1. Tell me, what is the per residue accessible area of the chain in Å², probe radius 1.4 Å?
2. Please turn the phi angles of the range 29-46 into ³J(HN,Hα) values with the Karplus equation 6.51 cos²θ - 1.76 cosθ + 1.60 (θ = phi - 60°), one per residue in order, whole Hz, x for glycine and proline.
3. Ignoring ligands, DNA and RNA, what percent of the accessible area of the chain is carbon or sulfur (1.4 Å)?
4. Per 0.36 nm of contour for each residue apart, how much would the distance between Arg36 and Ser71 grow if the chain were fully extended, relative to their Cα-Cα spacing?
5. Over the chain, what is the relative contact order in whole percent, taking alpha-carbon pairs under 8 Å and six or more residues apart?
6. Can you compute 3J(HN,Hα) from phi for each residue in the range 77-86, using the Karplus curve 6.51 cos²θ - 1.76 cosθ + 1.60 with θ = phi - 60°, rounded to whole Hz and x for Gly and Pro?
7. When only C-alpha pairs under 8 Å and at least 6 residues apart count, what is the relative contact order of the range 33-80, in percent?
8. Tally Lys/Arg at +1 and Asp/Glu at -1 over every other residue whose Cβ is under 15 Å from the Cβ of Trp34; what's the total?
Amino acid sequence: MSEREDFLAWVGSDLYEAELAIHNGDPAPRRALWSREEPVSVLGAWRNAFGLREVDELFTHLAETFSACTSYAFELRACDVVGDLAWTAGFERTSVSVHGEPTSYTLRVTQVYRREDGEWRVAHRHGDSAEM
């Protein structure tokens, strides 16, 4: 398996499962896949976070906000792997309850990853509404 194929397999399995979990109120899988080294950042659709403490607080907030995810899909539109860095760009389509109210939305999402101790970790996320 090529380096790119290996990375995409991780995106489609571990990363997908972590995103599904946070939309069901469990931040632990997402936390496990994020870098524990600075710099980390989120330019979020609802809230921004810079640094490990703020990113961790954001994950707690999101987990408290989301529940009852009925659908989550990531439509990958572009990606690349260059050594120990990688990125993805695509659309997240989600049906979930937000503060107990069912809703559906689509986000445009770009993420940056770095390999740490042989494992891929998310270092940056940018997401905004695709419905403009």
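The values are calculated or read from the model by the stated rules, or taken from the named source; none is laboratory data. Here the structure is a predicted model, which is why all the values come from computation and not from measurement. We place every Cβ from the backbone using ideal geometry, glycine too, and count neighbours over all the protein chains shown. Areas reflect the complete protein model, heavy atoms only, side chains present, ligands, DNA and RNA absent. Shrake-Rupley method; radii C 1.70, N 1.55, O 1.52, S 1.80 Å.
1. On the way: 6960 Å² over 132 residues.
The answer is 53 Å² per residue.
2. Here the 3J(HN,Hα) series is x, 5, 4, 5, 9, 8, 4, 9, 10, 6, x, 10, 7, 9, 9, x, 5, 10 Hz.
3. Values: 3600 of 6960 Å².
Within the chain, the accessible surface is 52 percent carbon and sulfur.
4. Details: separation 35, 0.36 × 35 = 12.60 nm, distance 2.87 nm.
Result: 9.7 nm gained on full extension.
5. That works out to 22 percent.
6. Each residue of the range 77-86 in turn: 10, 7, 6, 7, 10, 10, x, 9, 10, 8 Hz.
7. Working: 26 pairs, mean separation 10.7, N = 48.
Relative contact order comes out at 22 percent.
8. Details: positive: Arg30, Arg31, Arg36, Arg53, Arg114, Arg115, Arg121, Arg125; negative: Asp14, Glu17, Glu19, Asp26, Glu37, Glu38, Glu54, Asp56, Glu57, Glu116, Asp117, Glu119.
Its environment carries a net charge of -4.
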